[in-house]
Amino acid sequence: MSAAYLNGEYKPLDECQVSVLDRGFIFGDAVYELIPFYIKKAFRLEAHLARLKRSLAEIRINNPQTDEQWQAIIERLISQHDEANGYVYIQVSRGVARRDHAFPKDTAATVFAMLGAWPALIDGALDKGLSVVTVDDIRWNRCDVKSTSLLANVLMKQKALESDAHEAIMIREGKVLEGSATNTFVVHQGTVFTAAKDNLILPGITRDVVVELINTLALPFVEQAASLQQLQEADEVWLTSSTKECLAITEVDGQPVANGQPGPLWHQVYAAFQLQK
Ligand code: PDD
């Protein structure tokens with residue numbers, strides 16, 4: 001059983017237990033982070049910790065650890081993983097209290113972290129690309145908070161799988177925002193579009209890496225959500241996340257994206273991404 005951390009103690013994952021009154025369980029009153037590591041080194045650790053701090057502040061949970069303490073937990077778990085690559089999942093809830101919507105007084109946050117195995121690449125993902133379906137974005141208006149309240153995302157992902165697709169891309173007011181657990185890039189008439197970082201998307205760390213690479217490669221780029229029509233007419237579509245890196249999407253709602261093959265800009269960005277690891 002893989003190593004984990006709960007409220008100050010390191011122990012095997014199957015020995016970690018939290019109360020049924022934990023507000024993470026009762027209300028989804030919690031935030032999380034997922035930090036990939038390559039060759040035993042956390043990728044973009046500073047950015048992940050900054051986003052965790054921001055999520056905690058936005059939902060008004062005092063950060064229970066300093067950056068140094070977080071780093072120590074993450075590095076200790078990484079050192080105990082039997083593979084060189086993987087990820088660390090961190091979750092902080094508002095703690096255990098009698099069920100009441102109002103914040104409890106003087107309750108310590110529940111701090112949990114566990115290791116995750118590096119996900120196997122979906123068959124054909126690099127050669128053929130992935131397929132997606134579009135769905136209405138039914139989430140709340142604070143999608144910038146990395147909250148564990150992911151019911152809408154869970155329902156969308158399930159809808160994608162039941163439609164024989166890999167991911168669902170959310171559309172709000174005709175704009176392409178992001179996937180159920182990924183950010184989305186659309187290349188339309190040679191220009192790369194991705195939604196700006198506001199309250200309607202999660203500010204993905206992988207998204208930021210890809211934006212840096214787009215700038216380094218001097219690709220035409222606007223930080224603006226593509227329209228649904230631009231998605232349907234796209235030259236290329238990509239998704240990004242900490243567990244999927246940057247993958248090409250070659251089918252949207254059963255229709256091929258351009259010629260149905262991963263495109264030339266994706267190949268450039270993907271190759272550049274591999275050098276970052
Ligand atoms: N999901 N958008 C949403 C809604 C996400 O849940 C995620 C990440 C991303 C990509 O963010 P990043 O590049 O920082 O991983 C965008 C993680 C991987 C998850 O929930 O498992």
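The values are calculated or read from the model by the stated rules, or taken from the named source; none is laboratory data. Worth saying up front: this structure is predicted, and the values here are computed from it rather than measured. Backbone-built Cβ (ideal geometry, glycine too); neighbour counts: all protein chains shown. Protein only, heavy atoms only, side chains kept; ligands, DNA and RNA dropped before computing areas. Shrake-Rupley method; radii C 1.70, N 1.55, O 1.52, S 1.80 Å.
The residues of the range 199-214 that are of a type outside the set (A, V, I, L, M, F, W, C), part of a loop (DSSP other than H, G, I, E, B) and within 11 Å of the ligand (Cβ to nearest atom), listed by number, are PRO203, GLY204. Take the residues of the range 256-274 that are surrounded by fewer than 21 Cβ atoms within 10 Å (Cβ to Cβ) and in contact with a helix residue (DSSP H, G or I) (Cβ under 7 Å, 6 or more places away or on another chain): which is nearest to VAL209 (Cα to Cα)? If we take residues in the range 256-274 being surrounded by fewer than 21 Cβ atoms within 10 Å (Cβ to Cβ) and in contact with a helix residue (DSSP H, G or I) (Cβ under 7 Å, 6 or more places away or on another chain), then PHE273 is nearest to VAL209 (Cα to Cα).
Does ARG54 meet the test of being within 22 Å of the chain's Cα centre (by Cα), within 16 Å of the ligand (Cβ to nearest atom), open to solvent by 50 Å² or more (accessible area, probe 1.4 Å) and over 26 Å from LEU275 (Cα atoms)?
Criteria met by ARG54.
Taking the condition modelled with pLDDT under 95, farther than 16 Å from PHE25 by Cα, within 16 Å of the ligand (Cβ to nearest atom) and not assigned by TED's automatic domain parsing to the domain that holds ALA50, does ILE138 pass? For ILE138, the condition - modelled with pLDDT under 95, farther than 16 Å from PHE25 by Cα, within 16 Å of the ligand (Cβ to nearest atom) and not assigned by TED's automatic domain parsing to the domain that holds ALA50 - is not met.
Scanning the range 207-224 for residues that are in contact with an Asp or Glu (Cβ under 9 Å, 6 or more places away or on another chain) and open to solvent by 10 Å² or more (accessible area, probe 1.4 Å) yields a single hit, VAL211. When LEU231 is tested against (1) without any contact (Cβ under 8 Å) to a residue 60 or more places away in the chain; (2) more than 9 Å from the ligand (Cβ to nearest atom), exactly one condition is not met: (1). Scanning the range 79-136 for residues that are part of a strand (DSSP E or B), open to solvent by 40 Å² or more (accessible area, probe 1.4 Å) and in contact with a helix residue (DSSP H, G or I) (Cβ under 8 Å, 6 or more places away or on another chain) turns up GLN91, VAL96, MET114. Scan the range 49-78 for residues that are part of a helix (DSSP H, G or I) and in contact with a helix residue (DSSP H, G or I) (Cβ under 6 Å, 6 or more places away or on another chain) and the total you get is 3.
For the range 155-198, a tally of residues being within 16 Å of the ligand (Cβ to nearest atom) and under 18 Å from LEU130 (Cβ atoms) returns 24.
Table: residues versus (1) within 13 Å of the ligand (Cβ to nearest atom); (2) open to solvent by 60 Å² or more (accessible area, probe 1.4 Å); (3) within 25 Å of GLU245 (Cβ to Cβ).
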position: LYS11; (1), (2), (3): no, no, no
position: PHE25; (1), (2), (3): no, yes, no
position: GLY28; (1), (2), (3): no, no, no
position: PRO36; (1), (2), (3): yes, no, yes
position: LYS41; (1), (2), (3): no, yes, yes
position: ARG44; (1), (2), (3): yes, yes, yes
position: ALA50; (1), (2), (3): yes, no, yes
position: TRP70; (1), (2), (3): no, no, yes
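Taken over the range 162-175, residues that are farther than 16 Å from LEU200 by Cα and either part of a strand (DSSP E or B) or open to solvent by 90 Å² or more (accessible area, probe 1.4 Å) (or both) amount to 3.
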